[in-house]
1. Just for segment 123-139: of the residues that are part of a loop (DSSP other than H, G, I, E, B) and touching a residue at least 24 places away in the same chain (Cβ under 8 Å), which one is surrounded by the fewest Cβ atoms within 10 Å (Cβ to Cβ)?
2. Would you mention how many residues in segment 106-123 are under 15 Å from the mean Cα position of the chain (by Cα) and at pLDDT below 90?
3. Condition first: on the phi > 0 side of the Ramachandran plot and crowded, with 18+ Cβ neighbours inside 10 Å. Now tell me which residues in segment 105-118 satisfy that.
4. Taking the criterion of being touching a Ser or Thr at 6+ places or on another chain (Cβ under 8 Å), closer than 14 Å to residue 43 by Cα and of a type outside the set (S, T, N, Q), would at least one residue in segment 76-83 satisfy it?
5. Could you check segment 9-23 and list, in sequence order, the residues that are in a loop (DSSP other than H, G, I, E, B), modelled with pLDDT of 85 or more and either surrounded by 11 or more Cβ atoms within 10 Å (Cβ to Cβ) or not polar (S, T, N, Q) (or both)?
6. Can you tell which of 142, 83 is modelled with pLDDT under 95, surrounded by 17 or more Cβ atoms within 10 Å (Cβ to Cβ) and among the acidic types (Asp, Glu)?
7. With a cut-off of at least 1 residues that are of a type in the set (Gly, Ala, Ser), within 18 Å of residue 32 (Cα to Cα) and within 12 Å of the chain's Cα centre (by Cα), name the strands (runs of 3 or more DSSP E) lying wholly within segment 52-105.
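The values are calculated or read from the model by the stated rules, or taken from the named source; none is laboratory data. Not measured: the values here are computed from a predicted model. With ideal geometry, Cβ positions are generated from the backbone for all residues, glycine too; neighbour counts draw on all protein chains shown.
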Amino acid sequence: MSGTISPYANYMAPAFIGMKADSMDDNVDTFPASAAIGVGVAVQRTAAGASTIKVGAASAALCVGVALHDHIVGYQGNYRQFDAVSVLTRGRVWVAVDDPTAVVDGAAAKVTAATGAFNTTGTIAVTNAVFRSAAIDLLNVDWTTYTKGAIVELHYPLV
């Protein structure tokens, strides 16, 4: 078998976007989606005190966490309007990264306000959030395309 590449290796990614990174102490809350929401992106309340959420982060105060992957939702491509969205509010999760520049363990996590994708140069700094890995290519559920992803730890107390 020397020199042959098994097709099995094509499907052995270390993770997927929106997956919990480990089994550390974490917190997951559920919020209704006000519109379609992808997995592995930052989500925010639609207004101060509102129970509904949407993609993005207009301010650190409105940001509630990261939309987690769900096997049913994953194959639909995203959460749909009015779906119950599982949101990691504390813990470690694989997130979508739109700019991998300077994404390293310990770097402060920021968000592109419009898309909810993470980076180190975005307009919104997520309170007490740090990257816990470099950005890598992760296979999408279509098995043909890749998205940059990295681990983010939410509510890291020393940021």
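1. 134
2. Total satisfying the criteria: 3.
3. Across segment 105-118, the qualifying residue is only 116.
4. no
5. Within segment 9-23, 15, 16, 17, 18, 19, 21, 22 meet the criteria.
6. After applying the criteria, what remains is 83.
7. 63-67, 84-96
Every residue, every condition in (1) over 17 Å from residue 116 (Cα atoms); (2) not aliphatic (A, V, I, L, M), yes or no:
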| residue | (1), (2) |
| --- | --- |
| 40 | no, yes |
| 50 | yes, no |
| 56 | no, yes |
| 59 | no, yes |
| 66 | no, no |
| 70 | yes, yes |
| 77 | no, yes |
| 81 | no, yes |
